[in-house]
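Notes for the one structure printed next.
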Amino acid sequence: MKYIDPHIHMVSRTTDDYQRMAQAGCIAVTEPAFWAGFDRSSAQGFYDYFRQLTEYEPKRAAQFGIQHFTWLCINPKEADDPGFAREVVSMIPDFLNSKGELCGGNVLGIGEIGLNKNTKNELIILEEQIALAETFNQLVLVHTPHLEDKLKGTRLIMDALSASTIDPGRILIDHVEEHTVSEVLDRGFWAGMTLYPDTKVTPQRAADIIEMYGDERIWMNSAGDWGCSDPLAVPKARLEMRRRGHAVTTVDKVTFDNPQQFLSQSPNFSLS
Amino acid sequence: MNRQTNPQTKQQIVDTYFMEHRAKLVDIAAYLDRVDRGHGDDAADFRDVAFRRAVEILLDGQPQRAGRILNLLSDHSTKLPQSADGMKGALGAVSLTDGGAA
Ligand SMILES: [Zn+2]
């Protein structure tokens with residue numbers, strides 16, 4: 001069995017985690033740029049982070065036969081100061097494609113962009129990063145807010161995305177739950193379920209959502225990071241689906257084929 | 001794959017999950033008992049109010065309970081603050097008089 005974890009923050013994980021993931025069948029990860037648990041004090045801090053994501057992390061993953069891909073952006077939590085956010089966003093094009101000076105060749109798109117507290121400042125920078133994705137023809141990975149802010153934030157984000165020319169089939173909206181998944185799919189976007197203790201969905205609920213909303217345009221990820229999270233959440237969800245009697249083809253579809261199909265829209269994604 | 005399909009029978013689902021959710025049910029009961037035993041006023045916290053409304057959904061016999069509880073615990077206001085400066089993190093529920101519970 002093999003699987004892809006399409007959203008995991010490996011910079012926050014130990015090398016042991018790569019080893020355990022490889023042993024559990026992980027052959028590729030994609031790592032969106034996000035908040036590090038504290039606010040960075042300068043744009044230079046992001047520059048170093050982007051280099052870590054494009055240069056260092058792929059080498060660490062490769063030791064265990066795992067391919068590492070990434071997404072760049074300024075995350076919504078640090079995007080509340082538009083001047084600062086623009087300084088960070090202006091560094092991204094050089095990392096994006098083969099014409100960029102700093103390209104590691106593993107950047108799949110812009111992400112994880114979105115909203116955190118649903119503020120006007122966050123929305124301005126979200127719109128500017130959507131425009132960046134439009135200009136450079138990049139895939140988009142979207143972070144939706146937590147808990148009580150998720151429903152409103154998801155709708156605001158979808159409205160901002162729908163105002164762009166980006167095909168919704170090139171956008172994945174992550175951290176969906178039972179109250180947001182159907183709107184996301186109905187509007188033509190891809191949906192990601194995050195298997196994260198307490199604030200997102202459990203493997204059981206992820207299996208429930210697939211049973212209720214189908215297995216098209218949907219994937220699951222661990223979003224493993226510096227918080228209480230589980231880098232083996234995807235294989236655990238695979239087991240949950242199997243113990244209910246779902247076919248191996250269905251399990252493979254949501255944990256391998258679907259991520260491969262979505263990510264292959266980027267010329268920088270291919271599995272070796 | 002067809003929608004609305006769980007490969008298990010109702011009996012198999014109960015066999016698989018009853019013990020796990022029995023424990024979670026007792027947890028909820030113990031939590032409500034704990035709130036009762038707490039000191040101070042009965043002045044209801046908005047999260048406690050929302051929690052008790054959510055518990056009612058569990059037994060209303062209608063489908064989509066998880067989605068409806070998440071909706072109940074969501075901000076339905078249309079206000080957009082300029083900045084998050086000074087705002088608290090997410091609290092998990094919204095006051096019913098302040099954009100909660102559509
Ligand atoms: Zn993330």
Those helices of chain A passing the 20 Å axial Cα length cut-off and the mean Kyte-Doolittle cut-off of -0.5 (DSSP H runs only) are A:120-135
The FRET efficiency for B:Gln64 and A:Asp167, from their Cβ-Cβ distance with R0 = 45 Å and rounded to 0.05, is 0.90
For A:Ile218, other-chain or 5+-apart residues with amide H closer than 5 Å (H placed, Pro excluded) are A:Ala191
Quickly work out the B:Asp85-to-A:Ala43 label distance, labels modelled 7 Å from Cα along the C-beta direction, and quote it in nm with one decimal. 2.0 nm
Per the 1.4 Å probe, what fraction of the accessible area of chain A, in percent, lies on carbon and sulfur atoms? 50 percent
With a 1.4 Å probe, what is the total accessible area buried between chains B and A, in Å² rounded to the nearest 100? 2800 Å²
Using only the alpha carbons of segment A:65-170, what is the convex hull's orientation-averaged projected area in square nanometres? 7.4 nm²
Principal axes of segment A:114-259: Cα extent on each, largest first, Å: 45, 29, 24
To the nearest 0.05, the calculated FRET efficiency linking A:Arg243 and A:Arg20 through their beta-carbon distance, R0 being 22 Å, is 0.60
Using the C-alpha gyration tensor of segment A:150-199, what are the square roots of 5 times its eigenvalues, in whole angstrom, with the largest one first? 19, 11, 9
Out of A:Arg60, A:Arg51, A:Arg243, a Gaussian network model of chain A with alpha-carbon springs under 10 Å gives the largest mean-square fluctuation to A:Arg243
Per residue, what accessible area does chain B have, given a 1.4 Å probe and all protein chains present, in Å²? 74 Å²
For segment A:135-236, run through the chymotrypsin sites (Phe, Trp or Tyr not before Pro) and keep only the ones in DSSP coil with at most 16 other Cβ atoms within 10 Å of their Cβ. A:Phe136, A:Trp226
Using a Gaussian network for chain A with springs between C-alpha atoms less than 10 Å apart, which of these wobbles most: A:Ala133, A:Ala233, A:Ala62? A:Ala62
So what does B:Leu73 come to for accessible area, using a 1.4 Å probe and Å² rounded to 10? 40 Å²
Counting only protein heavy atoms and rolling a 1.4 Å probe, one gets per residue an accessible area for segment A:3-263 in Å² of 34 Å²
Over the protein assembly as shown, what is the percentage of antiparallel beta bridges among all DSSP beta bridges, to the nearest 5? 5 percent
Base-10 log of normalised Debye intensity for the protein assembly as shown (one unit scatterer per alpha-carbon) at q = 0.11, 0.14, 0.15 Å⁻¹: -0.79, -1.25, -1.41
If you look at just the Cα atoms of chain B, how large are its Rg and its Dmax in Å? 17.8, 54
FRET efficiency (B:Arg47, B:Thr9; Cβ distance; R0 35 Å; to 0.05) is 0.40
For peptide B:73-84, what's the mean number of Cβ atoms from other chains within 10 Å of each residue's Cβ? 6
Please give the residues from segment A:151-183 for which the solvent-accessible area of heavy atoms, probe 1.4 Å, is smaller by at least 30 Å² with all protein chains in place than with the chain isolated. A:Leu151, A:Lys152, A:Glu178, A:His179
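The values are calculated or read from the model by the stated rules, or taken from the named source; none is laboratory data. Computed from a prediction, not measured in an experiment: that's the story for all the values here. Cβ atoms come from the backbone with ideal geometry, glycine included; neighbour counts cover every protein chain shown. Only protein heavy atoms, including side chains, enter the accessible area calculation; ligands, DNA and RNA are left aside. Shrake-Rupley method; radii C 1.70, N 1.55, O 1.52, S 1.80 Å.
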